[in-house]
Amino acid sequence: MNERIPPTRTPAFEERLKKRYASERRFKLAGIAAIMFSIAVLAFLLVTMTLNGIGGFQRAELTVPIDFKEAGIAGDPAVLSQPGGMQNLEAQDLPSVVEFFAEQELGPQGAAQLGSGAWREVGQAIIDDPSLLNTTVTFDLPASPNLAAALNGEGSDETQALAAQLVEQGKLGTAFDVGFLTRADATDPQQVGIWGALKGSILTMIVTLALAFPIGVLAALYLEEYAPKNRWTDLIEVSINNLAAVPSIIFGLLGLAVFLWIFPSMRSAPLIGGMTLALMTMPVIVISGRNAIKAVPPSIRDGALAIGASPVQVVFHHVLPLALPGILTGTIIGMARALGETAPLLMIGMRAFVASPPDGFTSPATVLPVQIFLWSDEIDRGFVERTSAAIIVLLLFLLVMNGLAIYLRNKFEKKW
């Protein structure tokens, strides 16, 4: 019986072995360094954004008590509940009433630093609860942008001194601005809100998903399961791959030239924005769908056909359910890209100043990325903080959307 003789470990062999182990260690260290660098950059981004965005969720407020009995404002609940309720209060000179009580409480200089839309918040409170007209109510009203900046140590010395005096008297402070999540855009950083843009993004994403997902999945099924393999299908496949790499602004030009030509009265509407983003998202869904369908083992198809299933039943009862998790993964990637797009939406006019949330898919609207872009272009520091806060809202919206998609993907996932 011949025994196997181990090879002689010559010095040259030992040297090559040592170099190989050293190369593996360097590769491992490079991988760890790359991961640590990515984590550090992500942490720096999140920490910086959070620190800058905390101020964006707050606003400077002045405390003003108002005696409505003394003011003599009358309000019929039936009248105030009508659409013209705010105009009714304005006709009774509610702005002057608010200014009068502000001067009594804050002095002329302090009252002059009251936000331009402060009286509207008082009016909205009266509309919500007309019984306030029989009492004295203390309101926390928005301060002017100059006073808000002075509260942060910016602006003129005179305004900073006034801010310090009001803070010492307990009449000026910062508080969490719930209205930032419920209002729309405005010219005053103390009055802006994110709900208008957020609702526009939601409506736009609904249109995008409703168009891109079924068309993309059906196109992937046809190309993979039914289309004959010839030069025409090869040309279609190459075209789809090229479309996935086309810059997004090209799709904006296409939406401008086609959709706005067909629907000229729907400029900046979520319907047009959703159709434009659907064109951009569809190639990604088709490519990921084809790869997911290819990954289904042929034995699944053969077994289904062997027990008498028709070709259509094989596709929709067996292949598609097994490929759905992979298809949803591609959909997540495509929708996440669409959510953060700005250039194609700018081309179709979704950069308009919209002071109220959209009522539907055909109403003028803007979206979160465009709103962030517009606020970042403002000089006022208040808008800088609001921009960071809006970015945080966008990231949270993206996380919620991805979390829902991952849940659906895991729910439909099947193993074989």
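The values are calculated or read from the model by the stated rules, or taken from the named source; none is laboratory data. Note that the structure is a prediction, hence the values are computed from the model and not measured. Cβ placement follows ideal geometry from the backbone for every residue including glycine, while neighbour counts extend to all protein chains displayed. All accessible areas refer to the heavy atoms of the entire protein, side chains included, with ligands and DNA or RNA removed. Shrake-Rupley method; radii C 1.70, N 1.55, O 1.52, S 1.80 Å.
Couple of notes before you dig in:
- Scanning region 236-252 for residues that are surrounded by fewer than 13 Cβ atoms within 10 Å (Cβ to Cβ) and part of a helix (DSSP H, G or I), we see that the one that is farthest from the chain's Cα centre (by Cα) is 238.
- Failed condition for residue 4, given (1) at pLDDT below 80; (2) farther than 30 Å from residue 399 by Cβ; (3) surrounded by 10 or more Cβ atoms within 10 Å (Cβ to Cβ): (3)
- Test: residue 200 is assigned to a helix (DSSP H, G or I), touching a residue at least 40 places away in the same chain (Cβ under 8 Å), crowded, with 17+ Cβ neighbours inside 10 Å and touching an Asp or Glu at 6+ places or on another chain (Cβ under 7 Å): no
- Test set (1) over 30 Å from residue 115 (Cβ atoms); (2) among the hydrophobic types (A, V, I, L, M, F, W, C); (3) touching a helix residue (DSSP H, G or I) at 6+ places or on another chain (Cβ under 7 Å) - residue 250 fails condition number: (3)
- All positions within region 185-203 that are under 15 Å from residue 351 (Cα atoms) and more than 14 Å from the chain's Cα centre (by Cα): 185, 186, 187
- Of all residues in region 203-249, those satisfying the criterion of being in contact (Cβ under 8 Å) with a residue 60 or more places away in the chain and among the charged types (D, E, K, R) are 224, 225.
- Just one of (1) in contact (Cβ under 8 Å) with a residue 40 or more places away in the chain; (2) at positive phi fails for residue 308. It is (1).
- Looking at 305, 271, 277, just one residue is touching a Ser or Thr at 6+ places or on another chain (Cβ under 8 Å) and either closer than 19 Å to residue 226 by Cα or open to solvent by less than 10 Å² (accessible area, probe 1.4 Å) (or both), and that residue is 277.
- Among the criteria (1) under 30 Å from residue 240 (Cβ atoms); (2) at pLDDT below 85, the one residue 378 does not fulfil is (1).
- Within region 224-235, being in a helix (DSSP H, G or I), open to solvent by less than 80 Å² (accessible area, probe 1.4 Å) and not hydroxyl-bearing (Ser, Thr, Tyr) holds for 224, 225.
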